[in-house]
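The values are calculated or read from the model by the stated rules, or taken from the named source; none is laboratory data. As the structure is a computational prediction, the values presented were derived from the model and not from experiment. Positions of Cβ are backbone-derived with ideal geometry, glycine not excepted, and every protein chain shown enters the neighbour counts. Note: areas computed on protein heavy atoms with side chains; ligands, DNA, RNA excluded. Shrake-Rupley method; radii C 1.70, N 1.55, O 1.52, S 1.80 Å.
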Amino acid sequence: MFPTVARVLDLDVVSRGLPEVVAGKEHLERPVRWVHVSELPDVAGMLQGGELILTTGIALPGDRDGLANYVRDLAEVGVAGLVVEFGRRYFDNLPRALVHAAEQRGLPLIVLRRELRFVAVTEAVHALVVNAQLEELRSSEEIHQTFNELAVEGAEPVEVVQQVSRMAGAPVVLENLSHQVLAYDTGGQNAQVLLAGWEPRSRGVRPAGRTGHDPRTGWLVTQVGARGHDWGRLVLIGAPSSARQDAAPATASHRHTMLLERAAATLALNRLLVRDRESLERQTHRTLLSGILTHALTVSDVALRASALGVPLEGRRLVGVVLRQRRGTAPAALEAQARLRDFTETAAAAVREKRLTALVGALDDEAVGLLVSLGPRDDEHTALEGFASSLRRLLLEAEEPEPVVAVGSSVGAVRDARRTLVEATQVADAALHDAPASGARSASYYRLPDVRLRGLLHLLRDDARLQTYVERELGPLLAYDAEHNSQLIQMLRVYLEQGRNKSAAADAAHLSRPSFYDRLHKVERVLGVDLDQVESCLSLHVAMLALDAVRR
């Protein structure tokens, strides 16, 4: 935001004084916050840092120690530079002690060989500062207005990322906690070059704080999340040269920092918004299902409201069912809402056709949930098979694809309804992506034994808690492999897949036993674990399976 010492020296009003830098030439990129004219030798006590001091030197100390102390005090308070005008105290050269002290302290020291009106210099520099501040305010207003509109419109992540890239003039990437790309905009660069080896590159960038700049790569990174739960990072890849002409190249501009943080807030806010349109009946059912899943409603409230809707829950067996449709490509937002609404109504029609009693409503943007209430004489398998068959027929008539029908374990009390719904949700998401092989299930719907651990971890792959677990267990080893171009993670995988049999693992890795054992010792040192401990290996094995699910 502020002009640098070099920029000030290029001003016409200053160049007329024939300025010459005699010390601290490497530090001319320091920002000038203000210009201060003073002849006092103890002026440092009046400063706050960032000032450019103008003086004739008439009252400066005459001894070596006094000049050294004067420079030391200015450097410690953080002044941008010291400008001495010849003609009053000094004429051809500055004292060596003054020059030496400035060089030692890294303080830019400039002489003016021709007299200037100091007031003209202060006016010119202060005009630059004020104009820069006004420009910063305009930029801030533009950023806030832009992202407020995006938030109100419920913009998708890709739209937010594209807007950041346009305003910054640089590539932008949105990633999850496992350093996988969720959305990106190349900013005119080659996409393959931008994303090549993204995960190891991103793992190597760990700036301090929620928002930080990595001088080595030029990346500006901020965390994305809300309510204390981060779920990703927004990354600005470098910055255009025009944005750095008045700032040190190792720092990110205030504008870019503000831009990235405002975009991150918009992404976090939009993720919290629920945008679905449905019939009043389905909305009421959805509210009850949501109340069960989030504990927003008490058990008695749920039972009372459901009974009022004609769905008695007390004294009955309850079974959670979750439906998902397999689709090749993601439809547009409005089209997705319409399809979800139609899918929900079709599920409700199948319930009515089979004379079942159930709450039916959308659970999220893609899933439909049911809480089926069975009487003492109702056979659970027969009821579920009949519903699944009817649903598939209705969807086939509407030329819609066959859905995933996932079922949770039946429960005998309303207070346990959440458990069966959550289990069905887990099974549905896992089966959607990791469907068991043909013949793996004995019914037309999936249950938990059909998907097992790998399926469950696949379901949880987008959960920040699972990603945090993977990073805690395997992050150091993944970072080590990325830094040293090694394959220790693969050695650990082979060892675990071979049931901790080192000889068999060495053969599977096509390595000699001493060489393989040495790699295992490196794994232990990097992770700080003992691979002879069963619990440690179990934890690492689960983390490895979770890593596969996250990367898939």
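A search for C-beta distances below 7 Å between a residue of region 137-152 that is on the phi < 0 side of the Ramachandran plot and any residue that is open to solvent by 30 Å² or more (accessible area, probe 1.4 Å) and of a type in the set (Lys, Arg), counting only pairs 6+ apart in sequence or on different chains, returns Ser139/Arg255; Ile143/Arg262; His144/Arg262; Phe147/Arg262.
Residues in region 211-219: is at least one modelled with pLDDT under 85 and under 28 Å from Leu269 (Cα atoms)? No, region 211-219 has no match at all. For Leu545, the requirement of being part of a helix (DSSP H, G or I) and under 24 Å from Leu453 (Cβ atoms) is met.
Test Gly375 against the criterion of being open to solvent by less than 10 Å² (accessible area, probe 1.4 Å), within 15 Å of Ala358 (Cα to Cα), in contact with a Gly (Cβ under 6 Å, 6 or more places away or on another chain) and not aliphatic (A, V, I, L, M), and give yes or no. Answer is no for this residue. When residues in region 465-487 are screened for being among the hydrophobic types (A, V, I, L, M, F, W, C) and surrounded by fewer than 16 Cβ atoms within 10 Å (Cβ to Cβ), 0 of them pass.
Total residues in region 231-250 satisfying the condition of being surrounded by 16 or more Cβ atoms within 10 Å (Cβ to Cβ) and either at pLDDT below 90 or not aliphatic (A, V, I, L, M) (or both): the figure is 9. What residue, among those in region 392-415 that are more than 35 Å from the chain's Cα centre (by Cα) and closer than 18 Å to Val311 by Cβ, is most open to solvent (accessible area, probe 1.4 Å)? So the residue we want is Arg415.
For Tyr495, the requirement of being of a type in the set (Ser, Thr, Tyr) and closer than 29 Å to Glu423 by Cβ is not met.
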